[in-house]
Amino acid sequence: MRSILKTARYQKGLTQKQIANELSITTRMYRYIETGDRNGSLALWDKLEDILDIPQRQLRVHSEEYQLDENQKPKN
């Protein structure tokens, strides 16, 4: 799951269908991208970055990767 992507979409008040329409893809394909089952093209990520105003490097992160990074941080 790409939780940053999903959260950004919610914060913009957009549905999966609205984003899919903006990207000229099916809602199903967008759902696959948001869940991390598919990646999509670089052009698609460029458009998502423009729509959501968040760098695609952040949008592309899978929740599992983020949690792993958090767990690897040294404990103070």
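Overview of values
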| read-out | value |
| --- | --- |
| Derived scalar couplings ³J(HN,Hα) [segment 31-39; Karplus, 6.51 cos²θ - 1.76 cosθ + 1.60; whole Hz; x for Gly, Pro] | 4, 4, 5, 5, 7, x, 6, 9, 9 |
| Other-chain or far-sequence residues with amide H under 5 Å of GLY36's (modelled H) | ARG2 |
| Vicinal HN-Hα couplings computed from phi for segment 55-62 (Karplus, 6.51 cos²θ - 1.76 cosθ + 1.60; Hz; Gly/Pro x) | x, 4, 4, 6, 5, 6, 5, 7 |
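Readers should treat all values here as calculations from the given coordinates under stated rules, not as data from a laboratory. On a predicted model such as this, the values are computed, not experimentally measured, just so you know.
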